[in-house]
Amino acid sequence: MSKLAIVLASGELEKIQAASIIASVASTLGTEVIVFATMDGLMAFKKDVVEKKAWKTAGELGKGMIESGAPLFIDTFRQAKEVGNLKMYACGMIMDMLKLKIDDFVDIFDDVVGVSAFLGMVEDAQVLFI
């Protein structure tokens, strides 16, 4: 696999955590990885949500991840960006709808793009929708 795209639409901690692990492993194995955060998946990166660790959880696992102080998706994505070929993009449409700016989010995104720009980047990629 030469290119992997992940559409991160869920705001559930367990799903975002899984996406970050998949992205991290793929990028460190030499795969180009593009993550497009949209819908609730984008909201999980808001500074206030991250500071308060106020993510939605599906159950005991998510709660346990928060309570244990285990490294979470923000750290995993950051590490993958440092050591692998991973780019992260925030959805401009959602930001416009909710009148949000890039400064409202943790510093992890490479750019803000729309759906058409994202689709142009990933036309030859395997796409996961999470």
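Quick look at the numbers
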quantity	calculated
Residue list for the stretch 80-99, restricted to those being open to solvent by less than 30 Å² (accessible area, probe 1.4 Å), more than 17 Å from residue 2 (Cα to Cα) and outside any strand (DSSP E or B)	92, 94, 95
In the stretch 47-64, the residues that are open to solvent by less than 50 Å² (accessible area, probe 1.4 Å), closer than 22 Å to residue 112 by Cβ and touching a residue at least 40 places away in the same chain (Cβ under 8 Å)	50, 55
The stretch 120-130, subset open to solvent by less than 70 Å² (accessible area, probe 1.4 Å) and not in a loop (DSSP other than H, G, I, E, B), residue farthest from residue 6 (Cα to Cα)	120
Pick from the stretch 1-27, criterion among the polar types (S, T, N, Q), crowded, with 16+ Cβ neighbours inside 10 Å and more than 10 Å from the chain's Cα centre (by Cα), ranking: nearest to residue 75 (Cα to Cα)	24
The stretch 100-119, residues that are open to solvent by 70 Å² or more (accessible area, probe 1.4 Å), more than 26 Å from residue 3 (Cα to Cα) and either of a type in the set (Ser, Thr, Tyr) or not in a helix (DSSP H, G or I) (or both)	101
Unmet requirement for residue 49, which otherwise passes all of (1) touching a Ser or Thr at 6+ places or on another chain (Cβ under 7 Å); (2) outside any strand (DSSP E or B); (3) at pLDDT 95 or above	(1)
Residue 39 being open to solvent by 80 Å² or more (accessible area, probe 1.4 Å) and modelled with pLDDT of 95 or more	yes
Residue count, the stretch 70-79 (criterion: under 27 Å from residue 115 (Cβ atoms) and either open to solvent by 60 Å² or more (accessible area, probe 1.4 Å) or without any contact (Cβ under 8 Å) to a residue 24 or more places away in the chain (or both))	1
Selection status of residue 67, exposed (fewer than 14 other Cβ atoms within 10 Å of the Cβ) and among the charged types (D, E, K, R)	yes
Unique match (being farther than 16 Å from residue 11 by Cα, without any contact (Cβ under 8 Å) to a residue 24 or more places away in the chain and not basic (Lys, Arg)) among 86, 119	119
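The values are calculated or read from the model by the stated rules, or taken from the named source; none is laboratory data. Worth saying up front: this structure is predicted, and the values here are computed from it rather than measured. Positions of Cβ are generated from backbone atoms using ideal geometry, with glycine treated the same way; all protein chains shown enter the neighbour counts. In case anyone asks, the SASA skips ligands and DNA or RNA and just uses the protein heavy atoms, side chains included. Shrake-Rupley method; radii C 1.70, N 1.55, O 1.52, S 1.80 Å.
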